[in-house]
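**Q** Handing you a structure now.
The values are calculated or read from the model by the stated rules, or taken from the named source; none is laboratory data. The structure presented is a predicted model; accordingly, all values stated were derived computationally and were not measured. Cβ placement follows ideal geometry from the backbone for every residue including glycine, while neighbour counts extend to all protein chains displayed. All accessible areas refer to the heavy atoms of the entire protein, side chains included, with ligands and DNA or RNA removed. Shrake-Rupley method; radii C 1.70, N 1.55, O 1.52, S 1.80 Å.
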Amino acid sequence: MINSVNLTSELVKCPSVTPDDAGTFKLIKELFKDTDFKITEVSKNGIKNLFLRWGSKNLPTFGFCGHVDVVNPGEISKWKMDPFSGKIINNEIFGRGSVDMKSAVAAFCLAALNVSKETSPIFSIVLLITSDEEGKAKDGTNAILEWMNKNNERMDYCIVGEPTCPKKLGDMIKIGRKGSLTCHFTIIGKQGHSAYPQLAINPINSSVNLIYLLTNKPLDNGSKFFEPSTLVTTSIFTKNRANNVIPQQVKVTVNIRFNDNHTGEKISAWLKKCAEKIENKTKTIIKTDIKISGEPFYSKPGYLAKLVKKSVQKYTGISSEFSTSGGTSDARFVITKCPVVEFGLVGQKMHAIDESVQVSQIVDLENIYTDILKNYFNDVNRKTKG
């Protein structure tokens, strides 16, 4: 009989580099074959997503959200073993996606399946699973939520199974995330000979001025629920290979993680204003290409957060910290539908070479998810009888 550990291993064996599901959905469909779960494939622009529901959509509904796509393993020769081996060695499963986040998908699939067999359908369980989270994330969870809204599919609470714990399973539950924005600047000057700089307009010098303007003081000092916003220069590039030529063009990329002191629109306007200031100062032309990946969100720790914390403490003995730290996740989309928190494995090895997870963590995670569903069932049952 399949369990969350060997399901994780089988999912890792699928080389599902985003946005290819690479057979993972076939495994999940097979798991729920001949069960009371209704499986719907929601596809958009060639991206496959799965939506599963047990019980009526008119009933109180608890959801789990996760992804089966993974980042590229990189240089495979640096791995100790095949990154898609899914091998279990010394009670650890090795492979890309073992931490982020095939283990959580396996855990909530088994939790949902087992609880559905043990409880009466006075509530409903839904699973949202995408193969488009690590990439552009345009046609993944967003597409499922669009389909749910069009079809009046209910979801009252949701857990996103991202790795959330810094050191030990249970030490952190995410109740929000900063917004994320990337800006590509193209700085155009005038090419010339390095011996005659007065005849050229050096875009490299302009890029230095721009970076200083953007980074010479903090964006803010944080807010009630968030750490300070950050701006990081992630690349400076020019095609110039000659040491005596001033190039015509330089490209600079910055990534900003911003808290609720800002919006993507306001940050974008500020970036354009800074670019315009450097244009006027250096007589360059600066083009901006801005992509907003998500706005900051915060989910007040109410019923859902307390429900999760209770089950986490039961199986780990740890009183979880509520946090808004870290990068973006699909929770930024789910929050538009219902209250959401994130809880999953220890994230130290996610996206790393020789990514791996302890088998015991997967078992504990399945137990925690199962306990959450049972407690939710009990709460619904009490309200129904009351």
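**Q** Select, from Ala200, Ala143, the only residue that is modelled with pLDDT of 95 or more and either over 30 Å from the mean Cα position of the chain (by Cα) or open to solvent by 50 Å² or more (accessible area, probe 1.4 Å) (or both).
**A** Result: Ala200 is the single residue among Ala200, Ala143 that is modelled with pLDDT of 95 or more and either over 30 Å from the mean Cα position of the chain (by Cα) or open to solvent by 50 Å² or more (accessible area, probe 1.4 Å) (or both).
**Q** Moving to a separate point now. What residue, of Lys48, Lys26, is part of a strand (DSSP E or B) and either at pLDDT 95 or above or out of contact with any Gly (no Cβ under 8 Å at 6 or more places or on another chain) (or both)?
**A** Lys48
**Q** Turning to a different aspect of this structure: Of the residues Pro60, Pro83, which single one is more than 19 Å from the chain's Cα centre (by Cα), modelled with pLDDT of 95 or more and open to solvent by 10 Å² or more (accessible area, probe 1.4 Å)?
**A** Pro60
**Q** Turning to a different aspect of this structure: In a strand (DSSP E or B), modelled with pLDDT of 95 or more, at negative phi and exposed (fewer than 15 other Cβ atoms within 10 Å of the Cβ): is that true of Thr234 in this structure?
**A** In short, yes.
**Q** Right, here's the next one. Among the residues of segment 93-106, how many are assigned to a strand (DSSP E or B) and either at pLDDT below 95 or open to solvent by less than 10 Å² (accessible area, probe 1.4 Å) (or both)?
**A** 1
**Q** Of the residues Lys374, Lys306, Lys337, Lys349, only one is open to solvent by 30 Å² or more (accessible area, probe 1.4 Å) and touching a Leu at 6+ places or on another chain (Cβ under 7 Å); which?
**A** One residue alone meets the criteria, Lys337.
**Q** If you don't mind, there's one more thing I want to ask. Looking at the structure I just gave you, is Pro203 within 21 Å of Glu295 (Cβ to Cβ) and touching a Ser or Thr at 6+ places or on another chain (Cβ under 8 Å)?
**A** Spelling it out, it is not the case that Pro203 is within 21 Å of Glu295 (Cβ to Cβ) and touching a Ser or Thr at 6+ places or on another chain (Cβ under 8 Å).
**Q** So, in segment 247-267, exactly how many residues are assigned to a strand (DSSP E or B), in contact with a Leu (Cβ under 9 Å, 6 or more places away or on another chain) and open to solvent by 40 Å² or more (accessible area, probe 1.4 Å)?
**A** Number satisfying all stated conditions: 1.
**Q** If you don't mind, another one. Taking the stated definitions as given, is Glu133 of a type in the set (Asp, Glu), farther than 20 Å from Ser43 by Cβ and surrounded by 20 or more Cβ atoms within 10 Å (Cβ to Cβ)?
**A** no
**Q** Which number in (1) surrounded by 17 or more Cβ atoms within 10 Å (Cβ to Cβ); (2) within 29 Å of Gly189 (Cβ to Cβ); (3) out of contact with any Phe, Trp or Tyr (no Cβ under 7 Å at 6 or more places or on another chain) marks the one condition that Lys283 misses?
**A** Result: Lys283 passes all but (1).
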